[in-house]
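Q: Could you have a look at this structure, given as structure tokens, before my questions?
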Amino acid sequence: MVREMESRDPNYILNVSIDDYCEYLTSKYSEVVPNLHKNEAYILKQEEVRKNGSERPSIKSASMLTGEVILTIAIPFEGNYALFDSKPSTFNTMPPEGKIEGQEIHLQYRTRDLDPEAIRIENHRRIEQIEKYLKWIKSDVKIHNNWIRKNVKEQIIKRKQKVLKTQGFLESIGLPIRRRDDLPDTYTIPVVRKKITISRPEVTSEPYEPRVARAKQPLYGSQYVVRSPNESREIWLHMKIRTLNLLRSGI
């Protein structure tokens, strides 16, 4: 139980409900002692025992059968079949025998007399022997189950505290924690990363107006922009004519 909690991803431990996880672990690790359903027992099969083949047939003994019959009785049960192989703290020197197949225990009887009453008595005796051992096992299992119910919640809380302590230690280092690719997204460790944000530049709301270059103001307040060297002579003549006209007018 403790190892299962330790094998779980730390984020699962932090996010899981204590009560729900406690109920799950208690159910999983509590043992259920087998309970025989004697009233549902049935004859599974019967087999005639054959000779081993080394005997030579004769007039008096031509048959290949021994005259014995092996009878198999199946008894269904519920519970953990593995407990049939456990040794209780209380036991005797005559442990029960049988073969476990699924959720059934098979008991075999070999008989030559074909006496049904003898089979019933022997079958009853063996069932009582099995139930006695199951009663001893049940006493040991009760102690185990009580320990599980008593300690599972405490173990979950301890595991949560240890995970929180480790997580706090990692976060206090001040470095981002790398995310494992094999972890589900629902259990990733929440990592707060500082991100540099660049603000969007602000602009005026007025329409765009391209800039126009202006020439220096010439004499007499006129403005001329020289577009090419060929235009310089025409501009000079125009300026001279204008100056003569101003002198004639007495300005």
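The values are calculated or read from the model by the stated rules, or taken from the named source; none is laboratory data. The shown structure was predicted, so the numbers you read here are calculated from the model rather than taken from an experiment. Cβ atoms come from the backbone with ideal geometry, glycine included; neighbour counts cover every protein chain shown.
Q: Tell me, please, whether a residue that is hydrophobic (A, V, I, L, M, F, W, C), under 30 Å from E23 (Cβ atoms) and not in a helix (DSSP H, G or I) can be found in the range 113-135.
A: So far as the range 113-135 goes, no, none of its residues is hydrophobic (A, V, I, L, M, F, W, C), under 30 Å from E23 (Cβ atoms) and not in a helix (DSSP H, G or I).
Q: Out of the residues in the range 74-93 that are under 20 Å from I143 (Cβ atoms) and small (G, A, S), state the one that is surrounded by the most Cβ atoms within 10 Å (Cβ to Cβ).
A: G79
Q: Further question on the same structure: Just checking, does the range 87-94 include any residue being outside any helix (DSSP H, G or I), at pLDDT below 95, under 20 Å from Y42 (Cβ atoms) and out of contact with any Cys (no Cβ under 8 Å at 6 or more places or on another chain)?
A: So far as the range 87-94 goes, no, none of its residues is outside any helix (DSSP H, G or I), at pLDDT below 95, under 20 Å from Y42 (Cβ atoms) and out of contact with any Cys (no Cβ under 8 Å at 6 or more places or on another chain).
Q: Is it fair to say H144 is at pLDDT 90 or above, surrounded by 11 or more Cβ atoms within 10 Å (Cβ to Cβ) and touching a Leu at 6+ places or on another chain (Cβ under 7 Å)?
A: Criteria not met by H144.
Q: If you don't mind, there's one more thing I want to ask. Among the listed residues I105, I119, which satisfies the condition of being surrounded by 14 or more Cβ atoms within 10 Å (Cβ to Cβ) and within 19 Å of V33 (Cβ to Cβ)?
A: Exactly one residue qualifies, and that residue is I105.
Q: Kindly indicate whether L107 is in a helix (DSSP H, G or I) and assigned by TED's automatic domain parsing to the domain that holds I143.
A: The answer is no for L107.
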